[in-house]
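Notes to accompany the following structure.
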Ligand code: UN1
């Protein structure tokens, strides 16, 4: 199915302008960076990019603001984030418009992304009163040992096009309550969303009487990111994107003994066991694989189905794929919007031809849509591909809606297949057998940072820590105790006796 006609680029430009105006952002002007929309693939606005000097000045300003912010009581820092959350609530619809216009998300998922921002603000406000350290039993009489958490410094946030607002908020809301200041280098593909988020935070800082430079936005290309990566004044670089990007960022930050938090590629799989409730599993699989047009880092990319039910599962998925409404993401009936660019479509088609050359068989989808109506856009049918084995193409992440279907006979084999990829972000098992579920969640089961039962791989809540192992980079963001990555701990030994007692029984009396 292809849903109704596409909006024109002029309509989208007017809608973006209106959303920015409601938020309070002046329509930007410049020539070195282009806001465009994947809905038509066309240009919206010209923008100005940050220079190297702008980047250095932003780090200086953020560093200066840090010196005040770090001693502002954490619950007061929380007031800034509470105000940001209120502004996000008030402008939820405007922000979602920008996310749809720039990232191509369907309305419901764009609103969901803004909701995720509101949720992390709420979480961070609570956290601002819970940055707990521990008291540790000392081996010495009259001594106390304590663990104290202090702000870290300037945090550089590098984010990707696919969650142009939420990933920034996970990092920023937590970093701000932790007493850090933030410099944001967003994707070049989503500058308008970034301007809107930055402006709302600036409004919140004014209203909460916080230093303006607790946050700085730098629109620009890779050179801006590289400068942040190499600047020793940036204490933590939190980068979301491809494994290739992480392989460059990680060692460069480590070379100056900076910290990095990496959220890189995923190659997420779900095991479908013979006892699975298919009425639950099939729609969960379709959302995880085709939702966001396959452009989440948590997108389901591999389905490992028990041989006895493989034909039934494939038949039901094929039927569901045939019903997927593809087209204008502003149309409420659409479930699959465009890919971010024709380059992404080319990469998808290249992967499909490689996997077919390796014996893969396309079971459903894969055709291009709306090419006549919008030749510069990239609408595609999500595709199901049956593969006999996990070839090198299957083991790569292609950022597009391709779901590979593999079969298994024993759970042991399924888990081995599951873990036999370089990435380790998200995973799930569909089963009604508790023993199978527990084995999958155990130390000998999924090797991912996220492991689920009877729910797909994508769409995690903010309360849990988010991130993955192996080529996914090892970082944890968002909930649980991910905040500790944004702070430094100090161990304090306090002697409240009048005697000098040395640890480990050492005696040293002159
Ligand atoms: C991403 O794709 O970079 O779990 C983040 C999810 C979302 C976040 C995805 N909450 O799918």
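Before moving on, here are some points about what is shown:
- Filter result (part of a loop (DSSP other than H, G, I, E, B) and in contact with a strand residue (DSSP E or B) (Cβ under 6 Å, 6 or more places away or on another chain)) within the stretch 383-396: 387, 394
- Of all residues in the stretch 243-265, those that are within 16 Å of the ligand (Cβ to nearest atom) and surrounded by 16 or more Cβ atoms within 10 Å (Cβ to Cβ) total 9.
- Considering residues of the stretch 209-221 that are surrounded by fewer than 14 Cβ atoms within 10 Å (Cβ to Cβ) and at pLDDT 95 or above only, the residue farthest from residue 194 (Cα to Cα): 209
- Candidates are the residues of the stretch 412-428 that are part of a helix (DSSP H, G or I) and in contact (Cβ under 8 Å) with a residue 40 or more places away in the chain; the one that is nearest to residue 272 (Cα to Cα) is 414.
- Identity of the residue in the stretch 429-452, within 16 Å of the ligand (Cβ to nearest atom) and in a strand (DSSP E or B), that ends up farthest from residue 473 (Cα to Cα): 452
- Flag if residue 475 is on the phi > 0 side of the Ramachandran plot and either out of contact with any helix residue (DSSP H, G or I) (no Cβ under 9 Å at 6 or more places or on another chain) or in contact (Cβ under 8 Å) with a residue 60 or more places away in the chain (or both): no
- The residues listed here are 186, 191; of these, the one that is over 18 Å from residue 60 (Cβ atoms) and within 16 Å of the ligand (Cβ to nearest atom) is 186.
- Residue 279 being in a loop (DSSP other than H, G, I, E, B) and more than 16 Å from the ligand (Cβ to nearest atom): no
- Sole residue being in a strand (DSSP E or B) and either crowded, with 21+ Cβ neighbours inside 10 Å or on the phi < 0 side of the Ramachandran plot (or both), chosen from 157, 224, 167: 157
- Flag for residue 206 being touching a helix residue (DSSP H, G or I) at 6+ places or on another chain (Cβ under 7 Å), at pLDDT 95 or above and either under 22 Å from residue 67 (Cβ atoms) or surrounded by 23 or more Cβ atoms within 10 Å (Cβ to Cβ) (or both): no
- Residue among 407, 457 that is part of a strand (DSSP E or B), in contact with a helix residue (DSSP H, G or I) (Cβ under 6 Å, 6 or more places away or on another chain) and at pLDDT 95 or above: 407
- Sole residue being within 16 Å of the ligand (Cβ to nearest atom) and either free of Cβ contacts under 8 Å to residues at least 40 places away in the same chain or assigned to a strand (DSSP E or B) (or both), chosen from 290, 269: 269
- Among residues of the stretch 39-53 that are on the phi > 0 side of the Ramachandran plot, those with a Cβ under 9 angstrom from a residue that is not in a loop (DSSP other than H, G, I, E, B), sequence gap 6+ or separate chain, pair up as 41/9; 41/342.
- Among the criteria (1) assigned to a loop (DSSP other than H, G, I, E, B); (2) in contact (Cβ under 8 Å) with a residue 24 or more places away in the chain; (3) surrounded by fewer than 17 Cβ atoms within 10 Å (Cβ to Cβ), the one residue 372 does not fulfil is (2).
- Per this entry, residue 85 is not counted among residues that are surrounded by 15 or more Cβ atoms within 10 Å (Cβ to Cβ), in contact with a strand residue (DSSP E or B) (Cβ under 9 Å, 6 or more places away or on another chain) and farther than 18 Å from residue 485 by Cβ.
- Within the stretch 456-472, the set of residues being more than 9 Å from the ligand (Cβ to nearest atom), surrounded by fewer than 23 Cβ atoms within 10 Å (Cβ to Cβ) and either touching a residue at least 40 places away in the same chain (Cβ under 8 Å) or within 11 Å of the chain's Cα centre (by Cα) (or both) comprises 463, 469, 470, 471.
- Here is the figure for the stretch 128-152: residues that are in contact with a helix residue (DSSP H, G or I) (Cβ under 6 Å, 6 or more places away or on another chain) and either surrounded by 24 or more Cβ atoms within 10 Å (Cβ to Cβ) or assigned to a strand (DSSP E or B) (or both) total 1.
The values are calculated or read from the model by the stated rules, or taken from the named source; none is laboratory data. Remember, it's a predicted structure, so these values are computed and weren't measured experimentally. Don't worry about glycine lacking a Cβ; one is built from the backbone with ideal geometry, like all the others, and counts go over all protein chains shown.
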